[in-house]
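Chemist: Quick one: structure below, then a few questions.
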Amino acid sequence: MLWLYDTRRRGTFAFQPRARTATMYVCGVTPYDTTHLGHARTFLVFDVLARLLETRGQRVRYAQNVTDVDESILQRAAKDKVSWRDLGRREERAFLQDMRRLGWRKPDAMPHATREIPAMIELAERLKRRGHAYETPGGIYYDVSTFPRFGQLSRFSTPKMRRILASQDDARLDDPSRRSPLDFALWRRVTDGPTWPSPFGRGRPGWHLECSAMCDRHLGFPIDIHGGGSDLIYPHHECETAQSEAAHGMRTRFVGHWVHVGPMRLDGAKMSKSDGNMVFVRDALKNTSPQALRLYLLDVHYRRPFDHDEERLARARKRAAALAESLGRGRLGPLEKDASTQDVLAALEDDLHAERAIRALERHSRRDLAPDSLASLRTIARKVLGIL
Ligand SMILES: [Zn+2]
């Protein structure tokens, strides 16, 4: 039985999918720059989560979006004097290439924002019909006062929310005449850059609308797991919750487990595209095997911040090589009930403590084990963790 932390309830709870297939939605990339270690770490957490469930016989449907139009991609395209579509396509290809090299368990659906505009418009109309949204000269806005649970995911104060909103890329586009500064755009009437027709005028969808609409279309409502980086808790996931739950009558919770991955830091500062302090996956892979890089990235519990450290990366290379040596190149086997397998699985099933699982694997693989136990450990190392 998997126990998984849920950000909303601030605790670890037994994972019980609502239907035979577990559903997982992860907020994906805005492809305007090369994949850095922070992205890789985040997506590998969900990769291991899906692999763990699947190895245990649980069917999983995993969807992850590509935000191929938003303010950051448009700003970058304008700065580099390239078309935003070309920039997005090129960077998405590079992202997929990087993740493929890392042995990523690819999502079953990867919807693109620009191809899902009708579903977003439909959702915005539904929210307006139900009294959760209103029009302004600048577009259509979600009225957060109609959603009493607004703020329950992040538990941030209003001043804190306002501070965060002011620092967002699209803050300058928000209509100052909206009823509350916390009200967020479902659709903005804009004239510059790419626009689409809608019943609310030509413009572009708000960022949060995209994920609620795609989640609904590709996984249904509600879903079992919703993931992303911890920086998405507010405003993105808070606003998604307000949209999705209001669109479905308010009674049912949108998500069973909110799973948020801590930030990747370089010299104490968050690794981010906007700040330009990044270590790219393709550079790291020049002298590190995919297995060793996975071991490195999984070696800190996912909810904790990860401080990039070249010495630890060098050690991860040695540890991956030593593990390959001790587990050997033999066959993979079914998961056994023996103490070693159970020890490693227990760490993973306790809120995905991959770092403890890796250490247990290292410890047990050095012992004199029966061939079946060894084959079972190899299965976990290769199929679940991808470090062998
Ligand atoms: Zn999202």
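The values are calculated or read from the model by the stated rules, or taken from the named source; none is laboratory data. As the structure is a prediction and not an experimental result, all values here were calculated from the model. Heads up, the Cβs are rebuilt from the backbone with ideal geometry, glycines too, and the neighbour counts pull from every protein chain shown.
Chemist: List pairs: first in region 236-252 and more than 17 Å from SER180 (Cα to Cα), second aliphatic (A, V, I, L, M) and surrounded by 19 or more Cβ atoms within 10 Å (Cβ to Cβ), Cβ under 7 Å, 6+ apart or cross-chain?
Modeler: HIS237/LEU153; THR241/LEU153; ALA246/LEU127; ALA247/LEU123; ALA247/LEU127
Chemist: Cβ-Cβ under 6 Å, sequence separation 6+ or interchain: first residue in region 265-293 and over 14 Å from GLU310 (Cα atoms), partner among the β-branched types (Val, Ile, Thr) and not in a helix (DSSP H, G or I). Which pairs?
Modeler: GLN291/ILE387
Chemist: What are the residues in region 187-213 that are crowded, with 21+ Cβ neighbours inside 10 Å and hydrophobic (A, V, I, L, M, F, W, C), if any?
Modeler: Result: TRP187, TRP207, LEU209, CYS211, ALA213.
Chemist: Of all residues in region 278-288, which are in a loop (DSSP other than H, G, I, E, B) and surrounded by 16 or more Cβ atoms within 10 Å (Cβ to Cβ)? Let's see the steps before the verdict.
Modeler: Start the filter on region 278-288 by keeping residues that are in a loop (DSSP other than H, G, I, E, B), which leaves 278-279, 285-288.
Scanning region 278-288 gives MET278, VAL279, LEU285, THR288.
Chemist: Among (1) crowded, with 18+ Cβ neighbours inside 10 Å; (2) under 25 Å from LEU2 (Cα atoms), which single condition is ALA292 missing?
Modeler: (2)
Chemist: Do any residues in region 334-353 that are in the same structural domain as ARG51 (by TED's automatic domain parsing) have Cβ atoms under 6 Å from those of residues that are aliphatic (A, V, I, L, M) and modelled with pLDDT under 95, where the two are at least six apart or on different chains, and which pairs are they?
Modeler: No pair meets every condition.
Chemist: I would also like to ask the following. Among residues belonging to region 149-186 that are of a type in the set (A, V, I, L, M, F, W, C) and in a loop (DSSP other than H, G, I, E, B), point out the one that is surrounded by the fewest Cβ atoms within 10 Å (Cβ to Cβ). Give the derivation first.
Modeler: Filtering region 149-186 for residues of a type in the set (A, V, I, L, M, F, W, C) gives 150, 153, 156, 161, 164-166, 171, 173, 182, 184-186.
Restricting the remaining residues to those that are in a loop (DSSP other than H, G, I, E, B) gives 150, 153, 156, 182.
Working: PHE150: 20, LEU153: 23, PHE156: 16, LEU182: 20.
Selected residue: PHE156.
Chemist: Here's another thing I want to ask about it. On the given criteria, is THR379 outside the structural domain of ARG51 (by TED's automatic domain parsing), on the phi < 0 side of the Ramachandran plot and surrounded by 21 or more Cβ atoms within 10 Å (Cβ to Cβ)? If you could, list the steps in order and put the result at the bottom.
Modeler: On the way: outside the structural domain of ARG51 (by TED's automatic domain parsing): yes; on the phi < 0 side of the Ramachandran plot: yes; surrounded by 21 or more Cβ atoms within 10 Å (Cβ to Cβ): no.
Taking the combined requirement at face value, the residue does not satisfy it.
Chemist: Just need a number here: residues in region 19-63 that are part of a loop (DSSP other than H, G, I, E, B), of a type outside the set (A, V, I, L, M, F, W, C) and either touching a residue at least 60 places away in the same chain (Cβ under 8 Å) or within 28 Å of LYS286 (Cα to Cα) (or both). Working first, answer last.
Modeler: Start the filter on region 19-63 by keeping residues that are part of a loop (DSSP other than H, G, I, E, B), which leaves 19-20, 27-35, 56-58.
Add one more test, that the residue is of a type outside the set (A, V, I, L, M, F, W, C), and what stays is 20, 28, 30-35, 56-58.
In the following step, the residues that additionally are either touching a residue at least 60 places away in the same chain (Cβ under 8 Å) or within 28 Å of LYS286 (Cα to Cα) (or both) were identified as 28, 30-35, 56.
Residues that pass the stated criteria total 8.
Chemist: Would you be able to tell me the number of residues in region 289-305 that are closer than 19 Å to LEU232 by Cα and either hydroxyl-bearing (Ser, Thr, Tyr) or outside any loop (DSSP other than H, G, I, E, B) (or both)?
Modeler: We begin by selecting, within region 289-305, every residue closer than 19 Å to LEU232 by Cα; these are 301-305.
Retained after the next criterion (residues that are either hydroxyl-bearing (Ser, Thr, Tyr) or outside any loop (DSSP other than H, G, I, E, B) (or both)): 302.
The qualifying residues number 1.
Chemist: Could you go through region 68-82 and let me know if any residue there is out of contact with any helix residue (DSSP H, G or I) (no Cβ under 6 Å at 6 or more places or on another chain), within 16 Å of the ligand (Cβ to nearest atom), farther than 28 Å from GLU355 by Cβ and assigned to a strand (DSSP E or B).
Modeler: Filtering region 68-82 down to residues out of contact with any helix residue (DSSP H, G or I) (no Cβ under 6 Å at 6 or more places or on another chain) leaves 71-72, 75-76, 78-82.
Okay, now just the ones that are also within 16 Å of the ligand (Cβ to nearest atom), so 71-72.
So of that shortlist, the ones also farther than 28 Å from GLU355 by Cβ come out as 71-72.
When the remaining residues are screened for being assigned to a strand (DSSP E or B), the result is none.
No; the residues of region 68-82 include none that is out of contact with any helix residue (DSSP H, G or I) (no Cβ under 6 Å at 6 or more places or on another chain), within 16 Å of the ligand (Cβ to nearest atom), farther than 28 Å from GLU355 by Cβ and assigned to a strand (DSSP E or B).
Chemist: Next up: For LEU323, are the conditions met, namely being hydrophobic (A, V, I, L, M, F, W, C) and not in a helix (DSSP H, G or I)?
Modeler: Working: hydrophobic (A, V, I, L, M, F, W, C): yes; not in a helix (DSSP H, G or I): no.
Taking the combined requirement at face value, the residue does not satisfy it.
Chemist: Among the residues of region 36-64, which ones are over 17 Å from HIS236 (Cβ atoms) and within 16 Å of the ligand (Cβ to nearest atom)? I'd like the intermediate steps shown before the answer.
Modeler: Step one: list which residues in region 36-64 are over 17 Å from HIS236 (Cβ atoms), which gives 36-37, 40-41, 44-45, 47-62.
Selection gives VAL45, TYR62.
Chemist: Return the pairs, sorted by first residue and then second, in which the second residue is surrounded by 13 or more Cβ atoms within 10 Å (Cβ to Cβ) and acidic (Asp, Glu), the first residue lies in region 143-158 and is over 25 Å from HIS257 (Cβ atoms) and outside the structural domain of PRO235 (by TED's automatic domain parsing), the beta carbons are less than 9 Å apart, and the residues are 6+ apart or on different chains.
Modeler: Matching pairs, first to second residue: ASP143/ASP183; SER145/ASP183.
Chemist: Within region 7-35, track down each residue that is more than 16 Å from the ligand (Cβ to nearest atom) and either within 14 Å of the chain's Cα centre (by Cα) or under 17 Å from LEU219 (Cβ atoms) (or both).
Modeler: The answer is PHE15, GLN16, PRO17, ARG18, ALA19, ARG20, THR21, ALA22, THR35.
Chemist: Among the residues of region 304-325, count how many are surrounded by fewer than 16 Cβ atoms within 10 Å (Cβ to Cβ) and touching a residue at least 12 places away in the same chain (Cβ under 8 Å). Write out each step before concluding.
Modeler: Let us first name the residues in region 304-325 that are surrounded by fewer than 16 Cβ atoms within 10 Å (Cβ to Cβ), namely 304-305, 307, 309-312, 314-315, 318, 321-322, 325.
Pick out the ones that are also touching a residue at least 12 places away in the same chain (Cβ under 8 Å) and you get 304-305, 307, 312, 321-322.
Residues flagged as surrounded by fewer than 16 Cβ atoms within 10 Å (Cβ to Cβ) and touching a residue at least 12 places away in the same chain (Cβ under 8 Å) within region 304-325 amount to 6.
Chemist: Identify the single condition in (1) over 16 Å from the mean Cα position of the chain (by Cα); (2) crowded, with 22+ Cβ neighbours inside 10 Å; (3) more than 13 Å from VAL144 (Cα to Cα) that ARG217 does not satisfy, given that it satisfies every other one.
Modeler: For ARG217, the failing item is (2).
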